[in-house]
Amino acid sequence: MNYLERISVLNYRNIASCELGFSKRLNCFLGKNGVGKTNLLDAVYYLSFCKSHLNAVDTQVIRHGEDFFMINGTYFMNGTEEFISCAVKRRTKKQFRRNKKEYERLSDHIGFIPAVLISPSDQELISEGSDERRRFLDTVISQYDKSYLTALIRYNSALQNRNALMKQEQVPDATMLDILEEQMSVEAEVVFARRTAFIEGFTPRFQYYYETISGGEEQVSLSYTSHCQRGKLTELLKECRQRDHAIGYTTRGIHKDDLEMLIGDFPIKRTGSQGQNKSYLVALKLAQFDYLKQSTGKVPLLLLDDLFDKLDAERVARIITLVTGDAFGQIFITDTNREHLDELIQHLNTESRIFEVDKGEFKER
């Protein structure tokens, strides 16, 4: 079993300093809103993804008034102890190390410690634009497929260069556009193929979890759309050069892909209730866990932030039954309601640790 044995956090958001040891199975963080529960989960997330879930700018998660933050985690991975550390100091390069050896590329670490986070911000998958749903696809696939992440990085680099040409006043050089568009097309084919295969394998798992959580009351589905479904990307990019130059950016490509989320025959964004939306998102993330477990051969960490908000008692009970099953490994969960955590502990009937959180400080009960 893979698990995080202990963590030390220094100057991370509102956490001045803490050092915590964890249960292999269930770790609960109890406290009012805004006291630091989510920040601790975000620190665990950071050690898996080399970035914060809460803020894309590293220096903005440094505690107010301080010049750096540091997170250290000790893991057991297939019986071997692994030490992961990261440090960010203002105006200097981020340091990320495994067993004291610094990574040459942060992308080399992605997937080493797979993790799935369920949080209130998941609502943006439904309510916001397509970039949120592409980020969901990228987060899952890049954890088990290095070639996908490499292709995505190369595509985005070529896209950035094409956009720079499109912003110029003069007509872009046709030869340079040919080169960049060919690069984009080659990498887009890889990304499109991986996303298509992922959705095909992922959707039945997602539907199973939604049906279980909802008690079989509604039918849900996912529909993937991409410009690559129209043919080779080089031809599409060539067609829209003049328009792209007029508006200053690239309008076609895999950076415009989307994942339509349906309940019945309608977008859940338009028709879903709060409870249906939350059930939909939890089902997505549990299916993500399932898919990663099968694809990587590792049991991901499960990070559950304010999981039960906006759900009725029946759906809460079904989710508790799901996450306490044998399929899941180490769980970190935050809540303001002690009753939910007690029910989880009772279902698991195994070792657990409960931490009371207040103003960035953690006290084990």
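Any read-out appearing in this document is the output of simple, stated calculations on the displayed coordinates, not a laboratory observation. Only a predicted model underlies this, so the values are computations on that prediction, with no experimental measurement involved. Cβ sites come from the backbone with ideal geometry, for glycine too, and all protein chains shown count toward neighbours.
So here's what we get for this one:
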{"quantity": "Reachable lysines from K94, criterion Cα separation under 22 angstrom, eight or more residues apart if same chain", "calculated": "K51, K146"}
{"quantity": "Estimated distance in nm for a label pair at A56 and H347, the labels positioned 7 Å out from Cα along Cα-to-Cβ", "calculated": "3.5 nm"}
{"quantity": "Ranked V357, V190, V282, V9, criterion: other C-beta atoms within 10 Å, fewest first", "calculated": "V190, V357, V282, V9"}
{"quantity": "Full-extension gain in nm, I179 to A164, via 0.36 nm per residue minus C-alpha separation", "calculated": "4.0 nm"}
{"quantity": "Rg/Rh for region 62-145, where both radii come from Cα atoms and Rh is the Kirkwood radius", "calculated": "1.03"}
{"quantity": "Globularity index of region 104-254, i.e. its alpha-carbon radius of gyration over 2.2 N^0.38 Å", "calculated": "1.22"}
{"quantity": "The chain - mean residue ellipticity at 222 nm from DSSP helices (-39,500 (n - 2.57) per run, n ≥ 4, rounded to 500)", "calculated": "-13500 deg cm²/dmol"}
{"quantity": "For region 1-109, radius of gyration divided by Kirkwood radius, i.e. Rg to Rh on alpha-carbons", "calculated": "0.95"}
{"quantity": "Per residue Cα convex hull volume in Å³ - calculated over region 129-170", "calculated": "55 Å³"}
{"quantity": "Cleavage-rule hits (GluC sites (Glu not before Pro)) in region 15-119: DSSP loop, at most 10 neighbouring Cβ within 10 angstrom", "calculated": "E104"}
{"quantity": "Antiparallel content of DSSP bridges confined to the chain, in %, to 5", "calculated": "70 percent"}
{"quantity": "Net lengthening on full extension, K101/S121 (0.36 nm per residue, minus Cα-Cα)", "calculated": "3.9 nm"}
{"quantity": "Partners for K238 among aspartates and glutamates (Cα-Cα distance below 16 Å; same-chain residues under 8 apart left out)", "calculated": "D173, D178, E181, E182"}
